[in-house]
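What follows is a short report on a single structure.
The values are calculated or read from the model by the stated rules, or taken from the named source; none is laboratory data. Because the structure is predicted, anything quoted here is derived from the model rather than measured. Note that each Cβ is placed from the backbone with ideal geometry, even for glycine, and that neighbours are counted across all protein chains shown.
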Amino acid sequence: MIILFLVFVVQFSVSSACLAINEEQQNHLLEVGWNNSLTTQRDVEKSLNCCGFSHMDINGSCAAPCFHYSTCTTCAAKIQEHAGEVLRFVGGIGLFFSFTEVSLLNYLLL
C-alpha cells in the first residue's frame, strides 16, 4: 500500500505540473531541449519540414526539404501547435488514474 501511495504522489505531481505549465515555461523547456542535441535538431527539421527553433538562419544549414525553396517556418511554431494540447491531455489522463489509485487505496484500507 505504501508503494501505491508513492505512485499516486508521483503521478499526481507530474499531472499537476503538466496542467500548470504556462506557455512561456513551455517555450523555455522546448528551447533548452532543442539546444541540447544537434542530431535531434536535424531529425525534427526533417520530420516536421521546418528550420531553426525560433528563427531561420538563411546562411546556415538545415535538413528540411523546404530550406532550398525558402518556404520554411520555424520549428518552434510547428512544435507549439501540439505541445500545449498534449500536455493538457497527459495531465488530465494522469489525474484520472491518480485518483483511481486513491480510490483503490481507500478500498484496500477498508
Worksheet item: Taking the range 49-105, which residues are among the acidic types (Asp, Glu) and assigned to a helix (DSSP H, G or I)?
Response: Glu81, Glu85, Glu101
Item to complete: Output yes when any residue across the range 72-83 is touching a His at 6+ places or on another chain (Cβ under 7 Å) and either at pLDDT 90 or above or not small (Gly, Ala, Ser) (or both), and no when none is.
Response: yes
Discussion item. For the range 48-72, which positions are within 18 Å of Glu23 (Cβ to Cβ) and surrounded by 15 or more Cβ atoms within 10 Å (Cβ to Cβ)?
Written reply: Phe53
Item to complete: Could you tell me whether Leu30 is farther than 29 Å from Phe5 by Cβ, surrounded by 13 or more Cβ atoms within 10 Å (Cβ to Cβ) and in contact with a Lys or Arg (Cβ under 6 Å, 6 or more places away or on another chain)?
Response: no
Worksheet item: Residues in the range 20-37: is at least one part of a helix (DSSP H, G or I), in contact (Cβ under 8 Å) with a residue 12 or more places away in the chain and of a type in the set (Val, Ile, Thr)?
Response: no
Item to complete: For Thr40, state whether it is β-branched (Val, Ile, Thr), in contact with a Cys (Cβ under 9 Å, 6 or more places away or on another chain) and either in contact (Cβ under 8 Å) with a residue 40 or more places away in the chain or farther than 30 Å from Leu6 by Cα (or both).
Response: no
Discussion item. With the requirement that a residue be surrounded by fewer than 17 Cβ atoms within 10 Å (Cβ to Cβ) and either closer than 12 Å to Ala76 by Cα or not aliphatic (A, V, I, L, M) (or both), what does the range 33-47 give you?
Written reply: Gly33, Asn35, Asn36, Ser37, Thr39, Thr40, Arg42, Asp43, Lys46, Ser47
Worksheet item: Taking only pairs six or more apart or across chains, which ones have beta-carbon atoms under 9 Å, a first residue in the range 81-104 that is farther than 22 Å from Val7 by Cβ, and a second residue that is outside any helix (DSSP H, G or I)?
Response: Gly84/Ile21
